[in-house]
Each structure stands twice: as structure tokens, then as C-alpha cells.
Amino acid sequence: MIKQEFLKELEKALCGLPDDDIQKSLEFYSEMIDDKIEDGLSEEDAVSQIGNIEDIAKQILSDIPITKLVKQKIKPKRSMGAGEIILLILGSPIWLSLIIALVAVVFSIYVALWSVIISLYAVSASLLVCGVAGVLSFVGFSILGNAVPGAFIAGAGLVCLGLAIFMFIVSNLVTKALVWLSKKIWLGIKSSFIRRGENNEKI
Amino acid sequence: MDIQLKRGLLDICVLSAIKSEDSYGYQIIKDIKPYVEISESTLYPILRRLEAADLLTVRTAEHNGRLRKYYHITELGLKRIEDFKCEWQEIIGIYNFVTREEEK
């Protein structure tokens, strides 16, 4: 591949990214190739030493913050006409409510996840309270002379304590899993954004 | 080598490659390569990151009828190198501690 081909390919691979980022990286790699040629390499060798275009594009992409990518996507290619602005305002009851609904859904999923965690810990805590109360009531029953039902309650209390410890461990595991899962989902959302950005422009 | 560690070290290497005089991309790679593995696609994001952090500035100059970017270290960049030297003293201390534990 010669330099011009390489640069054209790279530009294609970077399509959809902010213009100044594309411009800067093309300048950088162009200068690199020129310097390699000046150092005595053939044009072909110089280009092949630079490496795989896909990898280069991925690296550049990963270095641009997601907020900049989103801005680039949202930013209209040309300024909007009066008609479009009016349509946008007239349509706001629809798209605004859709966005609110979307945010609400995401938020409620998040809340649901956390309420699962909280309820697990609540179960664990109430078992702990039951256990302690059961054991303490054994003392009370003994003093009043009802040692046998007291012992039964104390036994039940000890079972509760055991369950409380077990539930606590389970809750910890579930919490860890949920935190891990939500991180994964967030990453997935981010990367889908980036890929979509690339594909749109390629078509 | 650990990726995070290598990343941090490469930043310092690039800064010290332009410490005594301004340099350009290809020269920086040639200077660093004997010590750390570095490629064009690794250098590019480093330069942009250092520029964004005001550790170096870029100027474009003509060279053989084409444009070339020269990188100039800032006061902040020089300070970063000095900080690195201090940090490294600490790391040597930690290394000594770790290896002493092993010898026992």
C-alpha cells in the first residue's frame, strides 16, 4: 500500500469522529510515513511498518471521550431551518415524553436492582434480631420457671442466627454480582454507541 | 510489563526525549525504542494526552518542503519529570522492602 492509499483508508476508518481528530491523526501518520521514507525506507515498507489501520482507528476512537462522540452525533450537519425548529417544538410532547419514559425505565431498573439488595440485607438483619431476641427470651422464660418452652424458643433463635449469617453471605455475593452486571451493561451501552457511530457513516 | 505502569513510564520517556531540545514524532520513537517498545500508534495518543495536559506544546515547521510537528516541553512537563524521579525513589524503597521480605 502506498501513502495516499493508507491515508484514504485511515480517513474512511475514522469517519464519524470529530473532524479535528481526523485531521490531526491524518497529519500525524502522514508525517510519520514521510519521515520514514526520508530515513531510507521505501514507501511500501514505511506504510507497512505503521501497522494495521483497524487497530490505529480503534486506538484513536478509544481516546476520544464519549461526551465528545455524543456531541458529534447529535450536532446537525447543517443549521436547522425555521420549519424544522417549529416541527421540533410541536413534536416535543411526543419525543420529550419518550425520552422521559426511557430515563424512567432505566432509573426504575436501577432502583429495582438496589431494592433487591436492600431487601436481602433487611431479611438478614431481621433474622439477626429474631435470633438475638430468641436467645434472650430463654433467660426470661428460665427466670419465670418455663425452662422447656424457653429452650425451644432459644433453639429457634439459634436457627435464626445461623440463617442470618447465611443470608448475609448470600446478600454479599448477590450484591457483588449485581454491581458487576450493571458495570457490564454500562460498558455495553457505551461501546454500542461507538460502533453505531462508525457504521452509520460507512453506509 | 503491567500496562498501566508502562503507560506511565512512556509518558515520562516521551517528555525526556524532548527535554533538551524540541523533537518530532519519528525522532522521539527512534530515541525511545532502545529502552521501551513503542510504535507510532502508541505514541500518537501519548502526545495528544501530554498536549492536553499542558506538559508539552506543538508547533508546525517546514521541513524539506513539507510540514512537520515539533514538540516542546513546558515548565509543567519538566516538573513532571522531576516528580517522576522523586516517585521513583519511593518505588525503589518499596522494592527493597519487598525483596527483603523474600530473603528472610
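In region A:108-148, the qualifying residues are those that are of a type in the set (S, T, N, Q) and in a helix (DSSP H, G or I), and the one that is nearest to the chain's Cα centre (by Cα) is A:Ser108.
When the residues of region B:29-79 are filtered to those that are more than 14 Å from the chain's Cα centre (by Cα) and of a type in the set (A, V, I, L, M), the one that is nearest to the other protein chains (Cβ to nearest Cβ) is B:Leu67.
Restricting to region B:1-36, name every residue that is basic (Lys, Arg) and farther than 22 Å from B:Arg68 by Cα. Talk me through it step by step, then tell me what you get.
Filtering region B:1-36 for residues basic (Lys, Arg) gives B:6-7, B:19, B:30, B:33.
Once the filter is applied, which keeps residues that are basic (Lys, Arg) and farther than 22 Å from B:Arg68 by Cα, region B:1-36 yields B:Lys6, B:Arg7.
Among the residues here, A:Leu17 qualifies as surrounded by 15 or more Cβ atoms within 10 Å (Cβ to Cβ) and not in a helix (DSSP H, G or I). Scanning region A:23-75 for residues that are surrounded by 15 or more Cβ atoms within 10 Å (Cβ to Cβ), within 12 Å of chain B (Cβ to nearest Cβ) and touching a residue at least 40 places away in the same chain (Cβ under 8 Å) yields A:Ala46, A:Val47, A:Ile50, A:Ile53, A:Ile56, A:Ala57, A:Ile60, A:Leu61, A:Ile64.
Annotation: A:Val105 fulfils all but one of (1) more than 30 Å from A:Asp19 (Cα to Cα); (2) more than 37 Å from the chain's Cα centre (by Cα); the unmet one is (2).
Every number here is computed from the coordinates shown, using simple stated rules; none is lab data. Keep in mind that this is a model prediction, so the values were computed, not measured. Glycine also receives a Cβ, built like all others from the backbone with ideal geometry; neighbour counts cover every protein chain displayed.
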